[in-house]
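Asker: I have a structure here, written as structure tokens, and I will follow up with some questions on it.
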Amino acid sequence: MKPLTSISLVLFTGLLIFSSFSLADQTPVPKDSVDEKKSEKVLPDKELLVFVNPNGRPCQIQLSILEKIEESLSSLARFSLVKTTRAEDRSSFYKYGIRGLPTMVVIGNDGKEIHRFTPGIQDEQTILDILKSK
């Protein structure tokens, strides 16, 4: 073995041993209070599927309405955006028989449909009322 290689090997081994002792003395970092709040958060038992064409004006209006009530909405249902522009979303359009946009469908944790909004723009209060009642 070359002298330079054996010196490098000894130095590397010493570095590994030294670093293992310094890591053993470290105390664990306490959880951040934000992380604790996230873990305590209970997920809603239903999901709102929103079928849209992001380029269509009615769908853009519906999305802006949903953005306004996003905070209230998040406590009532999980939110999933299903877009015509994403190839992986096309099977969902067929599965739920979506023919008009925008359309919103509320499903339970079991995957069964709870409520289907009529296609078209829905106002804030209608969306919140349906999600609260179902």
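Asker: Collect the residues in the range 90-110 that are closer than 23 Å to Asp45 by Cβ and outside any loop (DSSP other than H, G, I, E, B), keeping them in residue-number order.
Answerer: Matches in the range 90-110: Ser92, Lys95, Thr103, Met104, Val105, Val106, Ile107, Gly108.
Asker: What pairs come out if I take residues in the range 44-66 that are modelled with pLDDT under 95 and pair them with residues that are part of a helix (DSSP H, G or I) whose C-beta lies under 6 Å away, six or more apart or interchain?
Answerer: Pro44/Leu76
Asker: Just give me the residues in the range 111-128 being in a loop (DSSP other than H, G, I, E, B), of a type in the set (D, E, K, R) and under 13 Å from Leu66 (Cβ atoms), in sequence order. Talk me through it step by step, then tell me what you get.
Answerer: Narrowing the range 111-128 to residues in a loop (DSSP other than H, G, I, E, B): 111-112, 117-123.
From what is left, the residues that are of a type in the set (D, E, K, R) are 112, 123.
Asp123 - this is the single residue of the range 111-128 that is in a loop (DSSP other than H, G, I, E, B), of a type in the set (D, E, K, R) and under 13 Å from Leu66 (Cβ atoms).
Asker: Now, a different point. Taking the condition of being loosely packed, with under 11 Cβ neighbours inside 10 Å and of a type in the set (Phe, Trp, Tyr), how many residues in the range 86-105 meet it?
Answerer: 1
Asker: Could you list, in sequence order, the residues of the range 64-84 that are surrounded by fewer than 16 Cβ atoms within 10 Å (Cβ to Cβ) and either among the charged types (D, E, K, R) or in contact with a strand residue (DSSP E or B) (Cβ under 9 Å, 6 or more places away or on another chain) (or both)?
Answerer: Glu67, Lys68, Glu70, Glu71, Arg78, Phe79, Ser80, Leu81
Asker: If you don't mind, there's one more thing I want to ask. Give the residue that is surrounded by the fewest Cβ atoms within 10 Å (Cβ to Cβ), with candidates limited to residues of the range 51-63 that are of a type outside the set (S, T, N, Q) and assigned to a helix (DSSP H, G or I).
Answerer: Applying the filter and picking the extreme gives Arg57.
Asker: For the range 79-89, which positions are in contact (Cβ under 8 Å) with a residue 24 or more places away in the chain and either of a type in the set (Lys, Arg) or not in a loop (DSSP other than H, G, I, E, B) (or both)? Steps first, please.
Answerer: Pass one, the range 79-89, residues in contact (Cβ under 8 Å) with a residue 24 or more places away in the chain: 79-85.
Listed by number, the residues that qualify are Phe79, Ser80, Leu81, Val82, Lys83.
Asker: Are any residues in the range 92-134 among the aliphatic types (A, V, I, L, M) and over 20 Å from Leu76 (Cα atoms), and if so, which ones?
Answerer: Once the filter is applied, which keeps residues that are among the aliphatic types (A, V, I, L, M) and over 20 Å from Leu76 (Cα atoms), the range 92-134 yields Ile98, Leu101.
The values are calculated or read from the model by the stated rules, or taken from the named source; none is laboratory data. Computed from a predicted model, the values in this text were never measured in an experiment. In this analysis, Cβ positions are derived from the backbone assuming ideal geometry, glycine residues included, and neighbour counts consider all displayed protein chains.
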